Amino acid sequence: MRFQRTNLQTVGSWVTRLLRFDFAAFDEIRSEPSATTGAVLVVFGASVFAGFGSWLWALQSQDLRGVDTAEVLIKSLLLGSIIQTLVWFLWVYLTYLVLARGYSARVDFAELTRAMGFAFVPVAFSIFIAIIGFAVHFGVIAFAMAVLFTNSAIQHASDAEPREATLANLAGFAAFVVVMGVFANIAEVGTFGGLAPGILFFSLDL
């Protein structure tokens, strides 16, 4: 019990440092094997926050035809959070492939997973898409921050040059967005969105 409490405190400390833009935390995260579980939980937790954002948006938009808040709760918050966490691994894997095979960078997949997992934390700010009229703004800001954090994470977890890290990151992120966009168009709630949380809930043909 004490170990679990200490581990959660460490995860919380790392998250706090990153939100203060103390990216040196990535050096500790990547080199700590026990941080792998925490990294995945950060991705899932941020996705849940994003799902809450799209659900709260739906609660305020019930007058729009086709918006069923119960459906949004299940498809965007519950299923969407799980799906986004799984698809996130594609982002990490493609980034790893580009770095290792494309640029022959020295990078360990587990270390990269840990660092990129914690770098996903800004996506939690997607909860603010619940603010009607600013949904797109907050959604874009959340993912823009996540991409910037991830860029730093990649540089700390590998010996890649900034340009290489950026291109590898964009390759992984592009695949992530495309796949999540496909899920947003599956089992749609009315004409709004499907199996994705946060700003990614909204379908491409909205």
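Readers should treat all values here as calculations from the given coordinates under stated rules, not as data from a laboratory. Only a predicted model underlies this, so the values are computations on that prediction, with no experimental measurement involved. Every residue, glycine among them, receives a Cβ derived from its backbone with ideal geometry; neighbour counts consider all protein chains shown.
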If you fit an axis through the alpha-carbon atoms of helix 162-184 and take the longest principal axis of the Cα set of the chain, what angle between them do you get, 0 to 90°, nearest 10? 30 degrees
Calculated P(r) of segment 99-145 - Cα pairs past 13 Å, %: 64 percent
Given the options V92, V177, V40, which has the most mean-square fluctuation in a GNM of the chain, springs set between C-alpha atoms less than 10 angstrom apart? V177
Within the set R17, R114, R101, GNM on the chain using Cα springs under 10 Å gives the largest fluctuation to R101
Considering every pair of different Cα atoms, what Kirkwood radius, in Å, is found for the chain? 17.1 Å
Going by Cα centres, segment 111-150 and segment 9-50 are how many Å apart? 14 Å
If one takes the longest principal axis of the Cα atoms in the chain, at what angle in degrees, from 0 to 90 and to the nearest 10, does the Cα axis of helix 80-97 lie? 30 degrees
How do 137-143, 116-122 rank on mean C-beta neighbours within 10 Å, highest first? 116-122, 137-143
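Based solely on its DSSP helices, what 222 nm [θ] is calculated for the chain when runs of n ≥ 4 H residues each add -39,500 (n - 2.57) and the sum is averaged over all residues, nearest 500 deg cm²/dmol?
Working: 8 runs with 128 residues, N = 206.
When only DSSP H runs of four or more count, the value is -20500 deg cm²/dmol.
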At R0 = 25 Å the Cβ-Cβ FRET efficiency linking V177 and I132, nearest 0.05, sits at 0.60
Within segment 13-47, list the residues whose amide N lies under 13 Å from a label point set 7 Å along Cα→Cβ of R106. none
Averaged over all directions, how much area does the convex hull of the C-alpha atoms of segment 72-166 cover when projected, in nm²? 6.3 nm²
Packing-based order for 159-166, 18-25, using average beta carbon neighbours within 10 Å, highest first: 159-166, 18-25
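Can you tell me the length gained on complete extension of the stretch D159 to D22, counting 0.36 nm per residue apart and subtracting the Cα distance?
47.4 nm
Using Cβ contacts closer than 10 Å as the measure, can you line up L94, L41 from fewest to most?
Listed from fewest to most nearby Cβ atoms, that is L41, L94.
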Angle between the chain longest axis and helix 135-157 axis [Cα atoms, degrees, rounded to 10]: 10 degrees
